[in-house]
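The structure appears below as C-alpha cells.
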Amino acid sequence: MEVYPRGRDRLPASVDWPVSRCGAAGLVFSPLRLDRTSLPNDLEIPEPFVRGRDGRRGVAIGSLCAPRCGIHSHGKINLPVQPEIDIGPLTLQTFGICFALAFLVAGAVVGRRLREWDKPADWAYEMTFAALIGGIVGARLDFILENWDEVSGDLLGNIFSGAGLVWFGGAVGGAIGVILWARWRGMLGLPLLDLAAPALAIGYALGRIGCQVSGDGDYGEAWDGPWAMAYPDGTEPIDTPVHPTPIYETLAMGFVALLLWRWRNRFQPGILFAIYLVLAGVERLLVEFIRRNDVIVAGLTQAQLISIAMIAAGGAWLVVKARRGGLEPAPA
C-alpha cells in the first residue's frame, strides 16, 4: 500500500484520493480533491493513507475525519453520541435509559438511608415512584405552558408526546409528589429533606449523562479548548466545538452527592438539605455562564435566577441555624 511520509509540506500539491470517513459499518470513502495549500498549518497527519474494506485507498487526515472516528471537522476529540439504541424492532432512547437509571440509583440511595433509620426499605420504591409520576406531570405541564402557541393546536397529542420535558417543572412536580407520599406515610418533616438531598444530587448527575450521550442540546458555548466537543450526531446536532457542559455537571454533582452522603449523620435535621441547595445552586449558576440558554433579566438565564433563589434560601437557612446554636447535633 502506498503511503506519503508524515508532514504537510511533503504532501503532493494536490491529491485525488478519496478522503476516509468513519461510517457505522467501518471506513468508507468520499471523493474529495485535497489541495496542500488549503490545509491548515498545524495539521497533523498520523497515517496519510489507509485501505478501506472495499480495497480502495483513501487519505486519512485527522481534521477531515468524521465525528464517529473521534475527531470532528475542527480537530477536536469527541465522545460517541448515541441518541437511540436499536434492539431488533425496539428503539430505545438513551436519554430515557439514563433517566430511568437516575431514578433507580436515587431510589437505592434512599433505600439505604431508610434501612439505617430502621424504616421499611420498600418505602424507597414508593417515594421514587411518587417523584417519577409527579416529575413527569410537572415537566410536561411546564413545557406546554412555555410553548402554548406551538402546542395549543394539538393539546392532547402534546400532553402524551414523548418529547418536551422541562427541568424546573419536573422538579416542582416531583417535590409535590414526594410531599403527598410523605404525608401519607407520616414522614413529613426536616429528615425527609435530608433523605432526599444525596438522592437528588446523584439523580441529577446521572441525568446529565443522558444529555451527553443523546446530544440533546444542553451544550455550552462555542469553544476551542483542549476538550471541546461537537455533537454532529446528537438529537440536536451541532458541528461547532463547544463546552461539553453535561460532563461538567455530571462531575460536579457527582462530587456533591458523595459529599452529602458522607455528611448524612453530621448535622441537625434540615442542614444537609440546606447545603444541597447552596451547592446545587452554585453549580448551576456557574455552568450557565457557558451554556447557550437565553438571558431573561440582568444578563441572567432562568436557571440562574432559580439557582440564586436556591443559594439564598440555603444560605439563609444555614446562617439562622448557626446563630441559634450551631449546625451539628447536640451531644447525647
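Note on segment 284-308: residues that are at pLDDT 95 or above and more than 17 Å from ASP218 (Cα to Cα) total 1.
Results for (1) assigned to a loop (DSSP other than H, G, I, E, B); (2) assigned by TED's automatic domain parsing to the domain that holds CYS98; (3) under 22 Å from ILE202 (Cα atoms), shown as yes or no for each residue.
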position	(1), (2), (3)
ILE275	no, no, yes
LEU279	no, no, yes
ARG284	no, no, yes
ALA303	no, no, yes
ALA309	no, no, yes
ALA316	no, no, no
GLY325	yes, no, no
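Examine segment 91-110 for a residue that is touching a Ser or Thr at 6+ places or on another chain (Cβ under 9 Å), crowded, with 18+ Cβ neighbours inside 10 Å and among the small types (Gly, Ala, Ser), and state whether such a residue exists. Yes - at least one qualifying residue is present in segment 91-110. Considering ALA163, ALA196, the condition of being modelled with pLDDT of 90 or more and under 21 Å from the mean Cα position of the chain (by Cα) is satisfied by ALA196 alone.
This table checks each residue for (1) farther than 29 Å from ARG113 by Cα; (2) touching a Leu at 6+ places or on another chain (Cβ under 6 Å).
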position	(1), (2)
TRP261	no, no
ALA274	no, yes
ASP294	yes, no
ALA298	yes, no
TRP317	no, no
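Just need a number here: residues in segment 304-329 that are in contact (Cβ under 8 Å) with a residue 40 or more places away in the chain and either hydrophobic (A, V, I, L, M, F, W, C) or closer than 30 Å to ILE238 by Cβ (or both). Adding up the residues that qualify gives 4. Residue under question is VAL320, and the condition is that it be outside any strand (DSSP E or B) and either of a type outside the set (Val, Ile, Thr) or not assigned by TED's automatic domain parsing to the domain that holds GLY207 (or both); does it hold? Here the answer is yes, as VAL320 does meet what is asked.
The values are calculated or read from the model by the stated rules, or taken from the named source; none is laboratory data. Predicted, not measured: the structure shown is a model, and the values here were computed from it. A quick note on method: Cβ atoms are made from the backbone with ideal geometry, for glycine too, and the neighbour counts reach across all protein chains shown.
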